[in-house]
């Protein structure tokens, strides 16, 4: 069970209930439970969402994984297959290790890769390359996998990848745009890992952290056909005015791709993917529905409005607060007491030098809009427990947040402009700290409206 740090969180009777809703949402996307429900064994038969493998016909089973949820996902596979696993290796974010019996767990950096990312990726590739005809490779994919599984394309260096990733992240690009570039600077992303696994069968179990669950985007789609091209990657850098800022080797590599001097990533229809089966085992929609169910159990009228929310965090905050005001004033789309649930992933265009993350920025922007509206609480939560480069998962704000901030001598608007939500929310008792949840299915936004 996820434990939320209540020593720093300003608590009330209602907020205790809100925490129960958060915990229920996270429990619904527990990686171990999600994998266990998707991967089932009966004697010598393994069933994966309708696909059946007979263990008597399988020589070796290899397990590889990458992402923030890779460790509990690996534990679940071990619980199902036990000693039938020949060997395994999984890459997790630093601090996300769990004990395993057959799968080696390696740590690496996120969201910007480091030397460990490359070393671990080589371990994954070497194991995948050992798979032959008659073998089965179970691939555990979850959010964060793009950074953790980093193997630069020939001619590129780790520093090239680090610098380019940092630039695109700070520019406010979407995950789809970021991963279009990542795939074309990599030797494993964009379906290329499937080349190392062939001719063995591959089963991908995916915990999705991307809006709409596009398989080619989650962890940069290492097992999936890539519909993006070198031209798309170039267009992303052009859109955010980064063409002259990225390392020269990156620009030269993309130019070579545009000139067909470097092969494209494998595309839809490539026979390479005929022996690849991929299953989404958990996603944002599952977490959102669980949050709504928990709210109903606690007496709220609850509704999931959308799990496709995207956009600048502070702009989305205004819309989220507007929904709460609509409930407060007109009892629509639900009567009070109400809980509106939204999911997705916002972005932040970093212009200041403060500390925070997209959910904390959304929470602070919401707090400013809630100043004169008592009885409305907005929760913005990163389901992985790490929002931006901080130890917080997000924030829980209401009409009292701005009041508490000003009493502490802080300026909420100045901190918002400086992308400095973390210190303010910590000072006001509105910071949500869960520790690593070891899951990752995007973000949740909850709007609670109480009678006043």
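Values in this text are rule-based calculations from the coordinates and carry no lab data. Since we're looking at a predicted model, the values are computed, not measured. Positions of Cβ are backbone-derived with ideal geometry, glycine not excepted, and every protein chain shown enters the neighbour counts.
Which angle from 0 to 90°, rounded to the nearest 10, does the C-alpha axis of helix 248-258 make with the longest principal axis of the chain?
With both axes taken from Cα atoms, the answer is about 70 degrees.
May I ask you to give the average projected area over all directions of the convex hull of the Cα atoms of region 35-158, in nm² rounded to one decimal?
Across all orientations, region 35-158 yields a mean hull projection of 7.7 nm².
I need the peptides 441-451, 273-283, 221-231 ranked by packing, meaning the mean over residues of other C-beta atoms within 10 angstrom, with the highest value on top.
Top to bottom by mean Cβ count within 10 Å: 441-451, 221-231, 273-283.
Among bridges DSSP assigns within the chain, what percent are antiparallel (round to 5)?
45
How big is the gap, in Å, between the Cα center of region 284-363 and the Cα center of region 424-452?
11
Taking every DSSP beta bridge that has both residues in region 44-128, what percent is antiparallel when rounded to the nearest 5?
Percentage antiparallel, nearest 5: 25.
Calculate, in nm to one decimal, what residue 293 and residue 157 gain on full extension: separation in residues at 0.36 nm each, minus their alpha carbon distance.
44.2 nm
Angle, helix 284-297 long axis vs. longest principal axis of the chain, Cα atoms, 0 to 90°, nearest 10?
The two axes meet at around 40 degrees.
Please compute the Kirkwood hydrodynamic radius over the chain, one decimal place, Å, based on all pairs of different Cα atoms.
22.5
What is the packing order of peptides 353-364, 65-76, taking the mean over residues of other C-beta atoms within 10 Å and listing the highest first?
65-76, 353-364
Using only helices, what value at 222 nm comes out for the chain when you add -39,500 (n - 2.57) per DSSP H run of length 4 or more and divide by the total residues, to the nearest 500 deg cm²/dmol?
-11500 deg cm²/dmol
So how far apart, in nm, are the two label points at residue 45 and residue 7 if each is 7 Å from Cα heading toward Cβ?
Each label point lies 7 Å from its Cα, and together they span 5.2 nm.
For residue 84, project a label point 7 Å along Cα to C-beta. Then give me every residue of region 103-127 with its amide nitrogen under 17 Å of that point.
Label zone hits: 103.
Can you tell me the equivalent ellipsoid semi-axes for region 346-452? Use √(5λ) from the Cα gyration tensor, largest first, whole Å.
In descending order, the three semi-axes are 20, 17, 11 Å.
Take the alpha-carbon centre of region 393-419, take the same for region 113-144, and report the distance between them in whole Å.
If you average the Cα positions of each part, the centres end up 43 Å apart.
Semi-axes of the equivalent ellipsoid of region 178-233: what are they in whole Å, largest first, if each equals the square root of 5 times a C-alpha gyration tensor eigenvalue?
18, 15, 8
How high is the FRET efficiency from residue 331 to residue 239, r the C-beta distance, R0 56 Å, rounded to 0.05?
0.85
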